[in-house]
Structures are given as C-alpha cells and as structure tokens.
Amino acid sequence: MKILAISGSARRLSTNTALLKAMQVIAPTGIVIDVFDGIGNLPVFSPDLEGSDEPLVVRIFKQAISESDGLVISSPEYVRSIPGGLKNAIDWLVSGNELIGKAIALVHASHRGDEMLNMLRTVAFDGKFQFQ
C-alpha cells in the first residue's frame, strides 16, 4: 500500500512534516509512505493555468496523489483555520479526480488544530471522500 503524506506547512522545520516523517519511519512492512512537503512551491491557483498550461510542479503533485492508495494530511492551524498554502493545494485539486476513492486521514502535531481539521473536512472535502 502506498500512502502520500502531505504536510500543510511551508515551514522548513515544521512539526507537522516531522510527524509525517516519523510515520514514514515506523510504517509497518508493506506500507510505503511518501512525504510531500512542497506546499510552498505550488503557484497560486488560477483556472487559467489548468489543462495544458498547468505548471510542472502541480502536475507532479497531482500525479503523486493519483499514484497513492490513500492520503495522510498533517497541518498546522493558522488563525483557527486552514493555512493558505494547504488551501491553495486543495484548490488545484478541485476540478480533477485525483482524490476520488482515496482514504484520507487528517492529523496535526500541535496543542491546537481541531478547528483546522473541522474546517478542512467542511471546506475541502464536504463529505465526498472517505475519512479514516
């Protein structure tokens, strides 16, 4: 099983990225976890850049999701909500089918973050996907 672990933080020393890398190390035999920590490298979403004009970094991001069996998203909470970089990454996925049928686990690595998780469930996925 192949899991894509997405860090919602653009911070170099992010505790959320560290959590995902720890999960990668302790993953059971037969489960491969790839960590995507490039949220900050994605350009600001624009429908004008979809299709043939889509930036390479976005195509790579979407391909990594498509090739995974499921996702783990770990993100900080900024101003009681989803960080802008993670929301931007989700915006790039809105018109595609990369997430359909994927199991998605949401976590965070801080003393607060539950409001971000609830917002992420509501805004980004709206019951269309299977949360674990």
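The values are calculated or read from the model by the stated rules, or taken from the named source; none is laboratory data. Since we're looking at a predicted model, the values are computed, not measured. Glycine also receives a Cβ, built like all others from the backbone with ideal geometry; neighbour counts cover every protein chain displayed.
Summary of values
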item: Which listed residue is under 18 Å from ARG121 (Cα atoms), of a type outside the set (Phe, Trp, Tyr) and more than 15 Å from the chain's Cα centre (by Cα), from ARG12, ARG80; result: ARG80
item: Hits in segment 16-68 - residues which are without any contact (Cβ under 8 Å) to a residue 12 or more places away in the chain, within 18 Å of GLY85 (Cα to Cα) and either outside any helix (DSSP H, G or I) or of a type in the set (Phe, Trp, Tyr) (or both); result: SER46, GLU54
item: ASP34 vs. criteria within 17 Å of ILE104 (Cβ to Cβ), exposed (fewer than 14 other Cβ atoms within 10 Å of the Cβ) and under 14 Å from the mean Cα position of the chain (by Cα); result: no
item: Checklist (1) within 16 Å of SER68 (Cα to Cα); (2) without any contact (Cβ under 8 Å) to a residue 12 or more places away in the chain applied to ILE3, failing item; result: (2)
item: Hits in segment 34-80 - residues which are small (Gly, Ala, Ser) and out of contact with any Asp or Glu (no Cβ under 8 Å at 6 or more places or on another chain); result: GLY38, GLY40, SER46, GLY51, SER52, GLY70, SER74, SER75
item: Residue list for segment 87-107, filter: within 14 Å of SER9 (Cβ to Cβ) and touching a Ser or Thr at 6+ places or on another chain (Cβ under 6 Å); result: VAL107
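Rundown of residues vs (1) modelled with pLDDT under 90; (2) touching a strand residue (DSSP E or B) at 6+ places or on another chain (Cβ under 6 Å); (3) within 25 Å of ALA22 (Cα to Cα), yes/no style:
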site	(1), (2), (3)
SER75	no, no, yes
LYS87	no, no, yes
GLY113	yes, no, yes
VAL123	yes, no, no
GLN130	yes, yes, yes
